[in-house]
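**Q** Quick one: this structure, given as structure tokens, is what I'll be asking you about.
The values are calculated or read from the model by the stated rules, or taken from the named source; none is laboratory data. No experiment lies behind these values; they were computed from the predicted model shown. Reconstructed Cβ throughout: ideal geometry from the backbone, glycine too, with neighbour counts over all protein chains shown.
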Amino acid sequence: MMNCTDIINRLGGTQSAEREELVYLIENITDDEAEILRKLAQKKALENFSKKIYIRGLIEISSYCKNDCLYCGIRRSNKNAVRYRLTKNEILSCCEKGYALGFRTFVLQGGEDGYFTDDLMCDIVGSIKSAYPDCAVTLSLGERSRESFQRLFDAGADRYLLRHETATAEHYSRLHPLEMKLESRMECLKNLKEIGFQTGAGFMVGSPFQTAENLADDLLFLKSFNPHMCGIGPFIPHRDTPFADRESGSVRLTLVLLSIIRLMLPRVLLPATTALGTVDGKGREKGILHGANVVMPNLSPTEHRADYSLYDNKICTGDEAAECIKCLSGRMKSIGYEIVTDRGDYKSC
Ligand code: SAH
């Protein structure tokens, strides 16, 4: 007979859980058991990070995308999407603002936009690193060739976020057009790690067609890949996508998964995501209390924020960077945590 408390205790100790145990836990965990899991995960995060929350300044550099991911609001076939791209100077001025506000990590994220060639990206990364040598640059620009990743790394980029989205090929194929393959995504992740990037994987919770088995396989993939960072948040429908009528992923399940990930990967950098804050007004605070240790306030120019619309009702689209950080500091304080000005690199031991 399987028992959730036993499985949770195994996750919290040195033993790992089997696939069928993870499926069982995901499907059967009660509120009381989820609270036991939460406490263990929070304790594990406190052991590793105390009450310090790292911040990453998110700069959304382009809403152009050549891909057509079925869930994403900036997919190429969304004719209603407003497209923009930031210039190098605009990106640098976001960094300048961010630096003054205490950010020491800048995350440049965007759709897969051919305009941002290796030459241009290397120039941008190099300029940020020479202006702010004490800062980390994280890129989140989708799939690129190994040579391209290597050039970006050599130009000074420190980290790369590329969610695997789902570790099950069949599920991947239902979320993406035919030309996109899980194999390519996984190949990119492997290349990024080999090159030396602090590498981030991750997935959406409650994406269409997702099963408990898929989630268990996501967790097992994370365990074996051992990423430095892991981004998970609820799927949220976007009105102009084929998944417009789907339901959002559940907050409860997202929190349970955050806690499981914290126990499986004690030192992983784990954000309480904007998507979690979008589906629940207190989502990011709850995420921290369930084992997350990172928040990613938006540093993009206010005039473009609403146009980087991956999903409906995204929060913080009207605010200035300074307001975002003030709001988040207050939120973290309200639960007894504090935002710190620290690069917040992965600590290997
Ligand atoms: N082009 C980059 C960045 C994608 S946006 C890349 O391919 O990696 C970052 C993440 O947002 C995606 O990896 C996806 O997991 C998430 N996302 C996209 N659409 C979403 C939606 N509708 N709901 C929730 N998360 C979404």
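**Q** Looking at segment 273-282, can you tell me whether even one residue there is within 13 Å of the ligand (Cβ to nearest atom) and part of a loop (DSSP other than H, G, I, E, B)?
**A** Yes, there is a match, as at least one residue in segment 273-282 is within 13 Å of the ligand (Cβ to nearest atom) and part of a loop (DSSP other than H, G, I, E, B).
**Q** Then there is this: Checking the condition at pLDDT 95 or above and under 23 Å from Cys72 (Cβ atoms), which residue from Leu328, Leu289, Leu276 passes?
**A** Going through Leu328, Leu289, Leu276 in turn, just one is at pLDDT 95 or above and under 23 Å from Cys72 (Cβ atoms): Leu276.
**Q** Of all residues in segment 29-64, how many are buried (at least 16 other Cβ atoms within 10 Å of the Cβ) and acidic (Asp, Glu)?
**A** Total satisfying the criteria: 2.
**Q** Quick check: anything in segment 234-255 among the β-branched types (Val, Ile, Thr), closer than 19 Å to Asp280 by Cα and in a loop (DSSP other than H, G, I, E, B)?
**A** Yes, segment 234-255 contains at least one residue that is among the β-branched types (Val, Ile, Thr), closer than 19 Å to Asp280 by Cα and in a loop (DSSP other than H, G, I, E, B).
**Q** On to the next question. Just to check your reading of the model, which residue among Arg159, Arg85 is over 22 Å from Leu270 (Cα atoms) and modelled with pLDDT of 95 or more?
**A** Arg85
**Q** Something else now. Could you tell me which residue of segment 209-257 is farthest from Glu21 (Cα to Cα), considering only residues that are more than 15 Å from the ligand (Cβ to nearest atom) and among the aliphatic types (A, V, I, L, M)?
**A** Leu255
**Q** Of everything in segment 183-196, what is more than 13 Å from the ligand (Cβ to nearest atom), surrounded by 17 or more Cβ atoms within 10 Å (Cβ to Cβ) and free of Cβ contacts under 8 Å to residues at least 40 places away in the same chain? Give them in sequence order.
**A** The answer is Met186, Lys193.
**Q** Pick from Ile74, Ile53, Ile59: which is within 24 Å of Cys316 (Cα to Cα), assigned to a strand (DSSP E or B), within 15 Å of the ligand (Cβ to nearest atom) and modelled with pLDDT of 95 or more? Break it down into steps so the answer makes sense when it comes.
**A** Values: Ile74 fails: assigned to a strand (DSSP E or B); Ile53 fails: within 15 Å of the ligand (Cβ to nearest atom).
None of the others qualify; the one that does is Ile59.
**Q** Given the options Ile288, Ile195, Ile232, Ile261, name the one that is touching a Ser or Thr at 6+ places or on another chain (Cβ under 9 Å) and aliphatic (A, V, I, L, M).
**A** Just one listed residue meets the conditions, Ile232.
**Q** With respect to Glu170, is the statement that it is touching a Ser or Thr at 6+ places or on another chain (Cβ under 8 Å), surrounded by fewer than 19 Cβ atoms within 10 Å (Cβ to Cβ) and closer than 26 Å to Asn226 by Cα true?
**A** Details: touching a Ser or Thr at 6+ places or on another chain (Cβ under 8 Å): no; surrounded by fewer than 19 Cβ atoms within 10 Å (Cβ to Cβ): yes; closer than 26 Å to Asn226 by Cα: yes.
Answer is no for this residue.
**Q** Which residue pairs have Cβ atoms under 8 Å apart, sit 6 or more places apart or on different chains, and have a first residue in segment 58-82 that is under 18 Å from Leu108 (Cβ atoms) and a second that is part of a strand (DSSP E or B) and away from the ligand (no atom under 12 Å from the Cβ)?
**A** Listed pairs, sorted by first residue: Leu58/Asn298; Ile59/Phe106; Glu60/Asn298; Ile61/Arg85; Ser62/Arg85; Ser63/Arg85; Tyr64/Arg85.
**Q** Right, here's the next one. Inspect all residues belonging to segment 83-96 and state whether any of them is part of a helix (DSSP H, G or I) and touching a Phe, Trp or Tyr at 6+ places or on another chain (Cβ under 6 Å).
**A** Yes; the residues of segment 83-96 include at least one that is part of a helix (DSSP H, G or I) and touching a Phe, Trp or Tyr at 6+ places or on another chain (Cβ under 6 Å).
**Q** List the residue pairs whose Cβ atoms are under 7 Å apart, where the first residue sits in segment 197-208 and is over 25 Å from Glu147 (Cα atoms), the second is near the ligand (Cβ under 9 Å from one of its atoms) and of a type in the set (S, T, N, Q), and the two are 6 or more positions apart or on different chains.
**A** Correct list of pairs: Gly206/Ser248.
**Q** Restrict the check to segment 73-94 and report whether at least one residue is polar (S, T, N, Q) and crowded, with 21+ Cβ neighbours inside 10 Å. Lay out the reasoning, then the answer.
**A** Going through segment 73-94, the residues polar (S, T, N, Q) turn out to be 77-78, 80, 87, 89, 93.
Filter once more, keeping what is crowded, with 21+ Cβ neighbours inside 10 Å: none.
No, segment 73-94 contains no residue that is polar (S, T, N, Q) and crowded, with 21+ Cβ neighbours inside 10 Å.
**Q** Another question, then. For the list (1) buried (at least 20 other Cβ atoms within 10 Å of the Cβ); (2) touching a residue at least 60 places away in the same chain (Cβ under 8 Å), I need the number of the one condition that Gly287 fails.
**A** With (1) buried (at least 20 other Cβ atoms within 10 Å of the Cβ); (2) touching a residue at least 60 places away in the same chain (Cβ under 8 Å) applied to Gly287, the lone miss is (2).
**Q** Report every pair of residues separated by at least 6 positions or lying on different chains whose Cβ atoms are under 7 Å apart, first residue within segment 1-28 and within 16 Å of Ile261 (Cβ to Cβ), second β-branched (Val, Ile, Thr).
**A** These pairs meet every condition: Ile8/Ile36; Leu11/Ile260; Ala17/Ile7; Glu21/Ile7; Leu25/Ile7.
**Q** Would you tally the residues in segment 238-256 being without any contact (Cβ under 8 Å) to a residue 60 or more places away in the chain and either touching a helix residue (DSSP H, G or I) at 6+ places or on another chain (Cβ under 8 Å) or acidic (Asp, Glu) (or both)?
**A** Of the residues in segment 238-256, 6 are without any contact (Cβ under 8 Å) to a residue 60 or more places away in the chain and either touching a helix residue (DSSP H, G or I) at 6+ places or on another chain (Cβ under 8 Å) or acidic (Asp, Glu) (or both).
**Q** For segment 283-327, give me each residue that is of a type outside the set (A, V, I, L, M, F, W, C) and outside any loop (DSSP other than H, G, I, E, B).
**A** Gly283, Arg284, Glu285, Lys286, Gly287, Asn298, Thr302, Glu303, His304, Arg305, Glu323, Lys326
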